[in-house]
Structures are given as C-alpha cells and as structure tokens.
Amino acid sequence: MTYRQAYDYIEECNKLGSVPGLDSIRELCKRLGDPQDKLRFIHIAGTNGKGSTLAYISCILKEAGLKVGRYISPTICEYLERFDIGGRHMSKADFGRYMDIVMPVCESMVKDGLAHPTSFEIETATAFMYFADKGCDMVLLECGMGGEKDATNIVRTSVMEVFAHIDMDHMQYLGDTIEAIAREKAGIILKDSVVVSGIQTESVHRILKEEADKRNARYVSVDTKGISGIKLNLKGGTFAMDGCRWHTPLPGIHQIYNAALAVKSVKTLMEVREDMADICSDEAIQRGLDATVWQGRLQIVSKKPPVLIDGAHNPDAARRLKESADILLKGRDRILIMGMLKDKDIEGVADIMCKDAKMIFTVTPPENPRALRSVELAGIVSKYNPAVTSTDSVEEACEMAELYAKQNDNSVIIAFGSLSFMGRLIDIYSDKKKR
C-alpha cells in the first residue's frame with residue numbers, strides 16, 4: 001500500500017468518530033499479536049502540558065542512551081510525527097507497510113460482527129507494532145483525550161504514569177467537573193506502579209492520590225513551593241528545584257512547570273527502578289532539556305514583527321498563555337489571530353484572551369470538520385472586544401495582522417487556538433524566511 005492509500009484509509013476511518021472504550025483496541029491488538037506487551041511505557045495523561053512533558057522526558061532518556069519511541073496526537077506539521085523514534089518520524093514506506101497488515105485485520109473484525117476500529121485505535125495499534133519491531137527501550141505514550149477508556153490504556157507494562165495539569169476539557173466524554181475528569185484520567189494507573197503528578201488543584205491531587213493508593217502505587221508530586229528562582233524570557237527560562245538549577249529552551253511559565261515535572265519523573269524513575277538506577281546524570285538531564293523542541297506551544301516563528309503561536313484551545317491553556325504573555329510581553333500591544341473548534345469553550349477562551357487586545361483576526365482552522373467558521377467566531381469574540389475582523393484564510397489573517405503591526409513598533413502578534421492551524425502558520429512563516 002502506498003502512503004497516500006494508507007493515509008486515505010485513516011481519513012476514511014476518521015468518519016467513525018471517537019468511541020471511548022477498550023473492547024475494540026483489545027481485539028485489534030490481540031489479532032496483531034499483542035505487540036504492546038513487548039514494550040515498556042511511560043504513560044502520560046493530562047489536559048494541558050502532556051505533550052511538552054513527553055517531549056522533555058523523551059529527550060532526557062535519549063541523552064541517557066535509550067532508544068526512545070514516542071506516540072503523540074494531534075500532530076502539528078505532518079501526520080507521521082505521531083510515530084517517532086529518537087527524533088525521527090516513521091517513514092512513509094513503513095506506514096504503508098503497516099497499513100497492509102492492519103487493514104485486513106480490521107476487515108476481519110467487521111466480518112466477525114465486531115465494530116470497525118476507529119482511526120485512533122488503528123494508529124495506536126500501529127504505533128505498538130512499529131516500536132516493538134524497532135526494539136525501543138522505552139515508549140513515551142500520550143493519552144488521547146481520556147484515561148480509563150482511552151485506547152492507549154490497553155497497556156499493562158508501564159513503568160510509570162505521569163499526570164500533566166488536569167483541567168476542564170472534553171466534558172462531553174470525561175465528565176462535567178474537574179473531579180470527574182481527574183478520576184477518569186487516573187484510570188491509567190496500574191497496580192504497584194509509580195505515579196508522578198505535575199502542579200494540580202488540591203481536589204485533583206486528592207483524587208490522583210486516592211486512585212494511586214487503591215492500586216498500591218507510589219505517588220510523587222511537583223509543588224510550586226518546591227520550585228524557586230524562576231526567570232523567564234523569550235528564549236526560555238530557568239528555575240531551581242531539589243537543590244539544582246535547571247534551564248529550559250521553551251518559553252512560558254507553564255514550560256517551567258512542565259520541565260519540573262519531567263525532571264521529577266526521571267529522577268523518581270531512577271530511585272524506584274533498580275534496572276534504571278543512575279541511567280543519567282544531572283548533566284545528561286540538562287542536555288535533554290536543552291535539546292527539547294515542541295512546536296506550536298508559545299513558539300516564536302517570526303521576529304519582525306514578533307509572531308508567537310500557541311495551541312491554547314481551552315480556558316486553562318488560555319490562562320497559561322496570558323500569564324506568560326503578561327510576563328514576557330509586558331507593555332506591548334497585542335494583535336491576535338484566533339481559530340477554534342466548535343466543541344471547545346470558546347466563550348471562556350475569548351473572555352481570557354481577547355479583552356485587552358488591540359485587534360483580533362479570526363480564522364477557520366483548515367481541513368477540520370469540527371472547525372468553527374471564522375465569521376461565527378468573530379461574532380462571539382465581538383462580545384468581549386469589538387475590534388475583531390473575520391478573515392477568509394490563515395494566510396489573509398497573517399497579512400492583515402502584519403499590516404496592522406507595522407503601524408506600531410510596539411506590537412506583537414499572537415496566534416492561538418486550535419492546534420489544527422498551527423502547522424499552517426509554521427509553514428507560512430517558514431516560507432517567508434526562505435524568500
């Protein structure tokens with residue numbers, strides 16, 4: 001099967017939507033020989049920050065000499081980013097070859113009267129096969145939207161469960177309170193495992209610890225009181241924790257907390273696992289942090305005018321973006337480019353981000369059936385700030401924002417919202433640099 005044929009097959013399966021539960025993925029993996037049982041995982045859940053935390057940990061473990069696979073979703077620039085080993089994505093040829101294996105198995109399930117696996121279930125099973133075939137020492141496994149009923153929760157060989165910040169999102173699937181969401185996400189905790197949590201509200205910490213205790217799992221957490229000496233600029237930040245000073249190249253106060261969670265996770269792993277004791281020094285951990293790149297999260301894509309992009313698509317992420325912008329861009333006029341999906345808390349995000357903006361340009365995230373039309377988004381935003389204009393494309397929004405920024409040297413452009421248009425923004429500004 002060619003890559004195009006394989007990708008089209010996945011796109012067709014996307015029409016099946018999202019179906020929480022493990023029955024289908026369990027049957028699919030069983031028919032594929034349960035490749036997940038041949039691997040060791042660090043399973044990562046959360047609402048915001050899990051991708052960045054995963055990136056930090058994977059780079060640190062790579063510096064320790066491990067062959068590290070990472071499975072993420074959604075992707076930013078290209079589809080095959082979700083299957084990565086040591087910083088290299090799966091090849092198109094490999095993807096076609098794996099779909100030649102998986103597609104007949106999916107068809108056999110349908111013939112046997114079972115549901116056809118969803119695209120996420122197919123991708124997850126494919127990731128397991130790929131990482132097992134390539135002999136990965138460790139796989140960083142990012143949950144989809146959930147936890148207990150997430151397709152990734154089929155794994156039973158995790159060495160650790162890591163929880164990035166948990167907040168309100170995907171309420172139609174996970175629950176309408178933060179406590180319900182936390183309990184659903186805690187469903188990935190395995191018996192006798194090790195749990196490391198990032199900075200959480202008191203109620204979330206309580207629930208994660210309760211669920212860890214039920215499974216006799218050790219519970220470790222990062223606390224803001226244990227992080228000191230924070231310094232931030234657009235090139236990253238530094239902080240002190242547990243007697244060491246660390247640097248991250250990713251800007252934003254939230255990236256300090258994500259880096260702290262990654263460091264705590266690796267250090268805890270070395271403490272509790274005899275087979276991983278002393279796998280890396282503090283110097284190796286720092287090299288891993290320094291090597292971390294995570295696109296679409298407070299990323300600077302242009303310097304003149306300054307353009308920052310961030311996939312802040314829910315109120316918690318918007319608060320983190322605004323908090324970082326208030327520190328890093330203090331006193332600068334903000335021009336916003338905003339695109340959202342229909343099923344997000346658009347009012348909540350607009351309330352946080354748009355009130356003090358000089359101008360807002362709305363876009364329709366391209367190639368996403370859940371995209372909210374630019375004109376509808378402009379209507380919602382206008383309730384919080386009348387200085388809003390709907391645009392016909394991401395390209396037009398960028399051009400208009402730059403023209404507006406040229407009128408005032410003190411301006412900065414912040415593009416945010418759905419991750420589904422971050423990749424397009426990166427492409428636009430990458431092309432500009434080549435001219």
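The values are calculated or read from the model by the stated rules, or taken from the named source; none is laboratory data. Predicted model only: the values in this text are computed from it and were never measured. Counting neighbours? That spans all protein chains shown, and the Cβs are built from the backbone with ideal geometry, glycine included. Accessible surface areas use protein heavy atoms only, side chains included; no ligands, DNA or RNA. Shrake-Rupley method; radii C 1.70, N 1.55, O 1.52, S 1.80 Å.
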How many residues are of a type outside the set (Ser, Thr, Tyr), surrounded by fewer than 21 Cβ atoms within 10 Å (Cβ to Cβ) and not in a helix (DSSP H, G or I) if we restrict to region 275-293?
-> 5
Which condition breaks for TRP246 when tested against (1) in a helix (DSSP H, G or I); (2) touching a residue at least 12 places away in the same chain (Cβ under 8 Å); (3) not acidic (Asp, Glu)?
-> (1)
Under the condition of being of a type in the set (Val, Ile, Thr) and within 21 Å of the chain's Cα centre (by Cα), which residue from region 8-49 is nearest to ALA132 (Cα to Cα)?
-> ILE42
Note on region 233-274: residues under 28 Å from VAL139 (Cβ atoms), surrounded by fewer than 23 Cβ atoms within 10 Å (Cβ to Cβ) and small (Gly, Ala, Ser) are GLY236
Report the residue count in region 210-221 for those that are closer than 22 Å to ALA260 by Cα, open to solvent by less than 40 Å² (accessible area, probe 1.4 Å) and more than 23 Å from the chain's Cα centre (by Cα).
-> 2
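Is it true that ASP356 is closer than 24 Å to LEU232 by Cβ, open to solvent by 10 Å² or more (accessible area, probe 1.4 Å) and acidic (Asp, Glu)? Can you show your working first?
On the way: closer than 24 Å to LEU232 by Cβ: yes; open to solvent by 10 Å² or more (accessible area, probe 1.4 Å): yes; acidic (Asp, Glu): yes.
So ASP356 fits the description; yes.
Specify which of the listed residues (GLU78, GLU27, GLU63) is closer than 24 Å to HIS313 by Cα, in contact (Cβ under 8 Å) with a residue 12 or more places away in the chain and among the charged types (D, E, K, R).
GLU78
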Pick from GLY348, GLY331: which is surrounded by fewer than 18 Cβ atoms within 10 Å (Cβ to Cβ), within 26 Å of ILE253 (Cβ to Cβ) and either modelled with pLDDT of 95 or more or hydrophobic (A, V, I, L, M, F, W, C) (or both)?
-> GLY348
Residue that is farthest from THR177 (Cα to Cα) [pool: residues in region 188-209 that are exposed (fewer than 14 other Cβ atoms within 10 Å of the Cβ) and among the charged types (D, E, K, R)] | ASP192
Any chance ALA312 is at pLDDT below 95, open to solvent by less than 10 Å² (accessible area, probe 1.4 Å) and either part of a strand (DSSP E or B) or out of contact with any helix residue (DSSP H, G or I) (no Cβ under 8 Å at 6 or more places or on another chain) (or both) | no
Out of (1) touching an Asp or Glu at 6+ places or on another chain (Cβ under 9 Å); (2) among the small types (Gly, Ala, Ser); (3) more than 24 Å from LYS303 (Cβ to Cβ), the one GLY243 does not meet is (1)
Working only within region 200-239, note down all residues that are within 18 Å of PRO251 (Cβ to Cβ) and not hydroxyl-bearing (Ser, Thr, Tyr).
-> ILE227, GLY229, ILE230, LYS231, LEU232, ASN233, LEU234, LYS235, GLY236, GLY237, PHE239
So, in region 115-153, of the ones that are among the acidic types (Asp, Glu) and out of contact with any Phe, Trp or Tyr (no Cβ under 7 Å at 6 or more places or on another chain), which residue ends up nearest to ASP8 (Cα to Cα)?
-> GLU123
Within region 265-316, considering residues that are among the aliphatic types (A, V, I, L, M) and touching a Ser or Thr at 6+ places or on another chain (Cβ under 8 Å), the one farthest from CYS398 (Cα to Cα) = LEU289
Residues satisfying the stated conditions in region 284-300, i.e. closer than 21 Å to GLY226 by Cβ and over 19 Å from the mean Cα position of the chain (by Cα) | ILE285, GLN286
Examine region 43-59 for a residue that is over 27 Å from ALA318 (Cα atoms) and in contact with a helix residue (DSSP H, G or I) (Cβ under 9 Å, 6 or more places away or on another chain), and state whether such a residue exists.
-> no
Given the conditions (1) open to solvent by 30 Å² or more (accessible area, probe 1.4 Å); (2) aliphatic (A, V, I, L, M); (3) touching a residue at least 40 places away in the same chain (Cβ under 8 Å), report the number of the one that ILE230 does not fulfil.
-> (3)
Check whether at least one residue in region 408-417 is in contact (Cβ under 8 Å) with a residue 12 or more places away in the chain, open to solvent by 20 Å² or more (accessible area, probe 1.4 Å) and charged (D, E, K, R), and report yes or no.
-> no
